[in-house]
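Novice: Handing you this structure, nothing more for now.
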Amino acid sequence: MIKIENLTKKFGSQIILNNLNLNIQDGQKVLIMGQNGAGKSTLMKAILGELICDSGSILIDNINPIIDRKNALRYLSFVPQTPPPLKLSVAQLCEYSISSTQTDLNNIINYLKELDLSYEKEHKKPFYKLSGGMKQKVLIALALARDSKTILFDEPTANLDPQAREKFINILKSKFQSHTLIFISHRVSEVQGIVNRVIEMDLGNIIKDSEV
Ligand SMILES: Nc1ncnc2c1ncn2[C@@H]1O[C@H](COP(=O)(O)OP(=O)(O)OP(=O)(O)O)[C@@H](O)[C@H]1O
C-alpha cells in the first residue's frame, strides 16, 4: 500500500504539491491525469524517493522511500516518460537490470517479443540509437520482467504505435491483474479497460478522485 500524507513540495516559492493526501491500495489500477505542470511527474518522483519534499510523508508498504530507497525500490518499477540517452547496448542494459534486480533474461526477451521487438536483431544496438517507440518497448519490457508488486508508468504509450499499444494493454490485462499499476496519462482512452480509479490533479492538488 502507498500512503501519502500531507505532502508538500515547493520549487522556490512555487507550490508544486500542495498538502497532498492519497492512499493507493494493493492491486489498484490508478490513472493520474491533469494539465501540463499539474505536478503528476513530481508526485511520481516523490513516490520513487527521487525527490525530497518540504513536508509530509510517503510510505510504501511501511517503507519511507527517502530513508530506505533501496528497499522501497524492491517493490517498485518505473517506466519514465523520457527514456535516458544511454550509450549502453540493449544487451548491456538488460544485463544491468538482471544483475541489479534478479530479472530473468528470457522474461525480458519474451515481453519484447510480445511487443514486436526482436532482441536477436536489436540487442547489439546502443540504446540511444533506437527509435522512440523501441526505447519505450525496452523500458516497458524491463519493468514488466521485474514483476515488482507496483509499477509506475509515466506516459508509457506516448511513442507506441497503435498495435504495440494494444499489445501492451493486453499484457497488463492478462498478466498483471493483481499488481498495483499507476499511470500518468493525458488520455483515459490509453489505459481504458485497465484502470479502476482516476485521479485528477491541478496545481498540485487532487481535484477529483473517482472509481471507474
Ligand atoms: N526540478 C525542478 N525545478 C523547478 N521547477 C520544477 C522542477 N521540476 C518540476 N518543476 C515545476 O513543477 C511543476 C510541475 O511539474 P511536473 O513535471 O510535475 O508536471 P506534470 O503534471 O508532470 O506535467 P506534464 O503533463 O507536462 O508532464 C511545473 O511548473 C514545473 O516547471
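Coordinate-derived values only; no laboratory data. On a predicted model such as this, the values are computed, not experimentally measured, just so you know. Here the Cβ positions follow ideal geometry from the backbone for every residue, glycine too, while neighbour counts run over all protein chains shown.
Novice: I need the Debye-formula profile for region 116-189: one equal scatterer per C-alpha, no solvent, reported as log10 I(q)/I(0) at q = 0.12 1/Å, two decimals.
Specialist: The computed values of log10 I(q)/I(0) come out as -0.34.
Novice: Set the Förster distance to 22 Å, then compute FRET efficiency between Leu105 and Lys149 from the Cβ-Cβ distance, nearest 0.05.
Specialist: According to the calculation, E is roughly 0.55.
Novice: Roughly how many nanometres apart are two label points built 7 Å out from the Cα toward the Cβ at Leu86 and Asn71?
Specialist: Distance between the two pseudo-spin positions: 2.7 nm.
Novice: OK, next. Using alpha carbons only, how many degrees (0 to 90, rounded to 10) separate the axis of helix 90-101 from the longest principal axis of the chain?
Specialist: 50
Novice: Further question: Of the chymotrypsin sites (Phe, Trp or Tyr not before Pro) in region 145-185, which ones lie in a loop per DSSP and count no more than 16 other C-beta atoms within 10 Å?
Specialist: Those satisfying the criteria are Phe176.
Novice: Going by amide H atoms built from the backbone, whose H comes under 5 Å of the H on Phe78, apart from near neighbours?
Specialist: Leu152
Novice: Something else now. Show that you can apply the helix-only estimate: for the chain, add -39,500 (n - 2.57) for every DSSP H stretch of four or more residues, divide by all residues, and state [θ] at 222 nm to the nearest 500.
Specialist: Value at 222 nm, helices only, nearest 500: -9000 deg cm²/dmol.
Novice: Once you have a ≥ b ≥ c as the square roots of the Cα gyration tensor eigenvalues for region 11-95, tell me rounded if a/c is under 1.5, and otherwise prolate or oblate according to whether a/b is larger than b/c.
Specialist: Judged from the Cα gyration tensor, region 11-95 comes out prolate (a/c at least 1.5, a/b above b/c).
Novice: Have a look at the DSSP beta bridges in the chain and tell me what percent are antiparallel, nearest 5.
Specialist: Looking only at bridges with both residues in the chain, the antiparallel portion is about 55 percent.
Novice: Rounded to whole Hz and in sequence order, give me ³J(HN,Hα) for region 148-155 from the Karplus expression 6.51 cos²θ - 1.76 cosθ + 1.60, θ = phi - 60°, writing x for Gly and Pro.
Specialist: The phi angles translate into 6, 4, 10, 10, 9, 10, 9, 6 Hz.
Novice: Using the basic label-point model (7 angstrom from Cα toward the beta carbon), what is the Glu211 to Lys173 distance in nanometres?
Specialist: If labels sit at Glu211 and Lys173, their model points lie 2.2 nm apart.
Novice: Let me ask something else. Please give, to one decimal in nm, the separation of the simple spin-label points placed at Asn62 and Glu120, each 7 Å out from Cα toward the Cβ.
Specialist: Placing both labels 7 Å along Cα→Cβ, they lie 4.8 nm apart.
Novice: Cut-off under 23 Å on the C-alpha distance; same-chain residues fewer than 8 positions from Lys29 excluded. Which lysines are left, in chain and number order?
Specialist: List returned: Lys3, Lys40, Lys45, Lys137, Lys149, Lys167, Lys173, Lys175, Lys208.
Novice: Oh, and also: With the convex hull built on the Cα atoms of region 79-147, state its orientation-averaged projected area in nm².
Specialist: 4.0
Novice: Using the Cα atoms of region 4-61, I'd like the radius of gyration and the largest Cα-Cα distance, Dmax, both in angstrom.
Specialist: When restricted to Cα atoms, region 4-61 yields Rg and Dmax of 11.3, 36 Å.
Novice: Which of the trypsin sites (Lys or Arg not before Pro) found in region 120-212 are in a DSSP loop and have at most 10 neighbouring Cβ atoms, other than their own, within 10 Å?
Specialist: Of the trypsin sites (Lys or Arg not before Pro), the ones in loops of region 120-212 whose Cβ has at most 10 other Cβ atoms within 10 Å are Lys124.
Novice: Report, by chain and number, residues whose modeled amide H sits under 5 Å from the one on Leu86, excluding near sequence neighbours (fewer than 5 apart, same chain).
Specialist: Long-range HN contacts for Leu86: Tyr128.
Novice: At a Förster radius of 25 Å, what calculated FRET efficiency corresponds to the Cβ-Cβ distance of Asp202 and Lys129, to the nearest 0.05?
Specialist: It comes to 0.05.
Novice: Indicate the gyration tensor shape class of the chain (rounded, prolate or oblate), computed on the Cα atoms with a ≥ b ≥ c the square roots of the eigenvalues: a/c under 1.5 is rounded; otherwise a/b larger than b/c is prolate and the rest oblate.
Specialist: It comes out prolate by the Cα gyration axes.
Novice: Can you list the residues of region 14-31 with backbone N under 15 Å from a point 7 Å past the Cα of Glu5, pointing along Cα to Cβ?
Specialist: 19-24
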